[in-house]
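Inspection log for the structure reproduced underneath, given as structure tokens.
The values are calculated or read from the model by the stated rules, or taken from the named source; none is laboratory data. This one's a predicted model, so the numbers in the text were calculated from it and none came from an experiment. Methodologically, a virtual Cβ is constructed for each residue, glycine included, from the backbone with ideal geometry; neighbour enumeration extends over all protein chains shown.
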Amino acid sequence: MSNSQEIQELMHQVSYYYRHQLVKDMPITMPQAHVLRIVHQTPGIIQSDLARLLHRRNPTISNILVNLEKQELIERKVPADNVRAKEIYLTAKGEDLCNSMLKKFKSYDGILTKNLDDQDQLELIRILKKIVASD
């Protein structure tokens, strides 16, 4: 395996570990968590805007929304001025789960760096910035 492939694989593993730790013990998937967070931040958002923000296709977002509705975490309302666009809101149950999720996210702030001292963290930041800047 080349260095580049190993870096890609390790970055994928780190991302996977972090994302799955965040939703572990929760009744939702990571894509559902992203949708809940955005609806929490933007009550009344419509499906096409969610798809655009999450860089997903409308049918994918639709499936996520159907599952969240089944769990009674969101509700869709049809506004009087535009019957074609359904606005998405969190239910009380959705708000509770979202607040718990956000608290958990905050408590996991140090999960990626818990085994790195300050110098290692600064070096990692420097290297990641270099990777991001290589567009």
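Here is how the numbers come out for the structure above:
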| item | result |
| --- | --- |
| Segment 61-76, subset part of a helix (DSSP H, G or I) and free of Cβ contacts under 8 Å to residues at least 24 places away in the same chain, residue farthest from the chain's Cα centre (by Cα) | Lys70 |
| Index of the failed condition, Val35 passing every other in (1) within 16 Å of Thr91 (Cβ to Cβ); (2) surrounded by fewer than 17 Cβ atoms within 10 Å (Cβ to Cβ) | (2) |
| Within segment 88-120, considering residues that are in a strand (DSSP E or B) and of a type in the set (A, V, I, L, M), the one surrounded by the most Cβ atoms within 10 Å (Cβ to Cβ) | Ile88 |
| Test: Ser48 is assigned to a helix (DSSP H, G or I), farther than 26 Å from Ser15 by Cβ and not charged (D, E, K, R) | yes |
| Counted residues, segment 64-79 - those being over 14 Å from Cys98 (Cβ atoms) and either of a type in the set (Val, Ile, Thr) or surrounded by 12 or more Cβ atoms within 10 Å (Cβ to Cβ) (or both) | 8 |
| Top-ranked residue of segment 1-33 - restricted to ones that are charged (D, E, K, R) and at pLDDT 90 or above, ranked as farthest from the chain's Cα centre (by Cα) | Glu6 |
| Residues being surrounded by 12 or more Cβ atoms within 10 Å (Cβ to Cβ) and of a type outside the set (S, T, N, Q) - total across segment 15-32 | 9 |
| Flag if Gly94 is of a type outside the set (A, V, I, L, M, F, W, C), on the phi > 0 side of the Ramachandran plot and at pLDDT 95 or above | no |
| Residue among Ile74, Ile46 that is among the aliphatic types (A, V, I, L, M) and out of contact with any helix residue (DSSP H, G or I) (no Cβ under 6 Å at 6 or more places or on another chain) | Ile46 |
| Test result for Tyr89, aromatic (Phe, Trp, Tyr) and more than 22 Å from Gln21 (Cα to Cα) | yes |
